[in-house]
């Protein structure tokens, strides 16, 4: 009897582990792989563009990038975003001061999950006359599949990832795996009787 119970529990645990391995990729979202300029860089002159490269493709709609002068908190006007697979870029403004900048991004990954963050860097040479507006945001047209909240949220100026449902999804998946494991264990125990 104990042998049958032990086999049932082993079968249940193995079924749970297989389920967790099978669903692990589903919890992944686009994460920032690299940026140009890199976070913390000091540049002699302004870059021609801001470029963010993510770990997976992002939707063409619902993405935004802002460029803020850190000292004054002023946002600079940016042109339209370009999205090419996993790469999001926007041209550097025609005019900008020298100093520290924060480039904040918000993108919508292929699964519809919004991801945000920011990088900071310093530019030592001004470009033209800086013209700014308090709330200029480079944004693509309204999203087709992304939720309204994902489409209307502005990038986080703090650089911290937004509220992520990842941990909740893992708890739910773990709970399902345990239930399936217990069910598989019970089924094996019944069959061996």
Any idea which of (1) out of contact with any helix residue (DSSP H, G or I) (no Cβ under 9 Å at 6 or more places or on another chain); (2) surrounded by 21 or more Cβ atoms within 10 Å (Cβ to Cβ); (3) assigned to a loop (DSSP other than H, G, I, E, B) is the one residue 62 doesn't satisfy? (1)
Residues of the stretch 93-112 being within 16 Å of residue 43 (Cβ to Cβ) and either outside the structural domain of residue 48 (by TED's automatic domain parsing) or crowded, with 19+ Cβ neighbours inside 10 Å (or both), which ones? 93, 96, 97, 101, 102, 103
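Filter the stretch 43-52 for residues that are touching a strand residue (DSSP E or B) at 6+ places or on another chain (Cβ under 6 Å) and either in a loop (DSSP other than H, G, I, E, B) or surrounded by fewer than 16 Cβ atoms within 10 Å (Cβ to Cβ) (or both) and give the result.
Quick first cut of the stretch 43-52, residues touching a strand residue (DSSP E or B) at 6+ places or on another chain (Cβ under 6 Å) only: 43, 46, 49-52.
Residues satisfying the conditions are 43, 46, 49.
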Can you report the number of residues in the stretch 65-82 which are closer than 21 Å to residue 40 by Cα and either touching a helix residue (DSSP H, G or I) at 6+ places or on another chain (Cβ under 6 Å) or assigned to a strand (DSSP E or B) (or both)? 7
Out of 84, 77, report the one residue that is assigned by TED's automatic domain parsing to the domain that holds residue 127 and out of contact with any strand residue (DSSP E or B) (no Cβ under 8 Å at 6 or more places or on another chain). 84
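The values are calculated or read from the model by the stated rules, or taken from the named source; none is laboratory data. For clarity, every value in this text was computed on a predicted model and none was experimentally measured. Counting neighbours? That spans all protein chains shown, and the Cβs are built from the backbone with ideal geometry, glycine included.
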